[in-house]
Amino acid sequence: QVQLVESGGGLVQPGGSLRLSCAASGSIFRINFMGWYRQAPGKERESVAMITSGGSTNYADSVKGRFTISTDNGEKTVALQMNSLKPDDTAIYYCTAALAVRDVSPFSRYWGKGTLVTVSS
């Protein structure tokens with residue numbers, strides 16, 4: 001029922017910028033947090049940025065100062081503004097969210113299918 005759909009991936013030159021977006025849809029009562037992971041070829045999946053319902057944010061050391069995470073649309077959409085992109089940022093970026101579908105249900109984890117970001121000259 002709940003779906004997370006990413007958009008905004010593509011090819012960008014080193015030093016360029018890209019903005020990713022993830023929209024949560026379906027039966028959602030409350031979102032605890034939303035964020036982004038990424039996985040480069042041959043590497044482990046890693047957390048990139050997270051934002052809680054209270055607005056607290058967390059970033060991987062490798063992207064601090066370059067990436068900014070934010071929410072809108074009643075906090076059902078999460079965006080990742082990526083600036084000063086490097087070739088090492090090349091990866092599939094996955095949207096994730098912890099949300100409850102009912103007022104008494106626990107928070108469950110959901111994942112999008114990913115969007116590819118390629119940073120190359």
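The values are calculated or read from the model by the stated rules, or taken from the named source; none is laboratory data. In this text, all values refer to a predicted model and were calculated from it rather than measured experimentally. Note: ideal-geometry Cβ built from the backbone for every residue, glycine included; neighbour counts use all protein chains shown. Each accessible area value is taken on the protein alone, full model and side chains, heavy atoms only, with ligands, DNA and RNA left out. Shrake-Rupley method; radii C 1.70, N 1.55, O 1.52, S 1.80 Å.
The GluC sites (Glu not before Pro) of segment 16-106 meeting both criteria, a DSSP state outside H, G, I, E and B (loop) and at most 11 other C-beta atoms within 10 angstrom of the site's C-beta, are Glu44. Considering only protein heavy atoms and a probe of 1.4 Å, how much of the accessible area of the chain is carbon and sulfur, as a whole percent? Carbon and sulfur atoms account for 46 percent of the accessible area of the chain.
Counted without the sites themselves, the longest stretch of the chain free of trypsin sites (Lys or Arg not before Pro) in a DSSP loop having at most 15 other beta carbon atoms within 10 Å is 1-42.
Shape analysis of segment 1-72 based on the Cα gyration tensor places the equivalent ellipsoid semi-axes at 23, 15, 13 Å, largest first. List the residues of segment 1-29 whose backbone N lies under 17 Å from a point placed 7 Å from the Cα of Asp88 along the Cα-to-Cβ direction. Under cut-off, by backbone N: 14-16. Think of each Lys and Arg Cβ as +1 and each Asp and Glu Cβ as -1; about the Cα centre, that makes the dipole of the chain roughly 100 debye.
Entry comment: accessible area of the chain is 54 Å² per residue, from protein heavy atoms only and a probe of 1.4 Å. The gain in end-to-end length when the Ser47 to Ser105 segment is fully stretched comes to 18.3 nm, 0.36 nm per residue minus the alpha carbon separation.
Once the convex hull of the C-alpha atoms of the chain is built, how many Å³ does it hold per residue, rounded to a whole number? In the chain, the Cα convex hull volume per residue is 95 Å³.
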